[in-house]
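Just below is one structure, and these are the notes that go with it.
Just so it is clear, none of the values below were taken in a lab; they were calculated from the coordinates. Just so it is clear, the structure is predicted and the values come from calculations on it, not from any experiment. Here the Cβ is made from the backbone with ideal geometry for all residues, glycine too, and neighbour counts use every protein chain on show.
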Amino acid sequence: MPTDEEVVQTAAEAAEGVILAHYKQSELTDFDVTVTFEEGVLDVDVYVNAPDDADESAEAVADEAALTAREAVDELFGEGDS
């Protein structure tokens, strides 16, 4: 069973990976990934402030990052195995 710290770290790294796969860090005005894991409940909040002329919607990238973070935690617990 992973520790709470491992869960938070895994989720945060997965979310940041998605953001940085879509945007160069120099293109981003700001981004923030906040992850909590308390009493077995995972909460992932992702904020992306990208340039208006970016190819992809910042909201869509933030949603994808949050979903990917949750999937990474599922895999950590072995729930992602098929």
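The residues of the range 55-82 that are in contact with a His (Cβ under 8 Å, 6 or more places away or on another chain) and not acidic (Asp, Glu) amount to a single one, Val61. Which residues, counting only those in the range 16-37, are under 19 Å from Glu71 (Cα atoms) and either among the acidic types (Asp, Glu) or exposed (fewer than 12 other Cβ atoms within 10 Å of the Cβ) (or both)? Residues satisfying the conditions are Glu16, Ala21, Asp32.
Mind listing just one residue for me: the one in the range 38-71 that is closer than 14 Å to Val7 by Cβ and surrounded by fewer than 20 Cβ atoms within 10 Å (Cβ to Cβ) and, of those, nearest to the chain's Cα centre (by Cα)? Within the range 38-71, the match that is nearest to the chain's Cα centre (by Cα) is Arg70.
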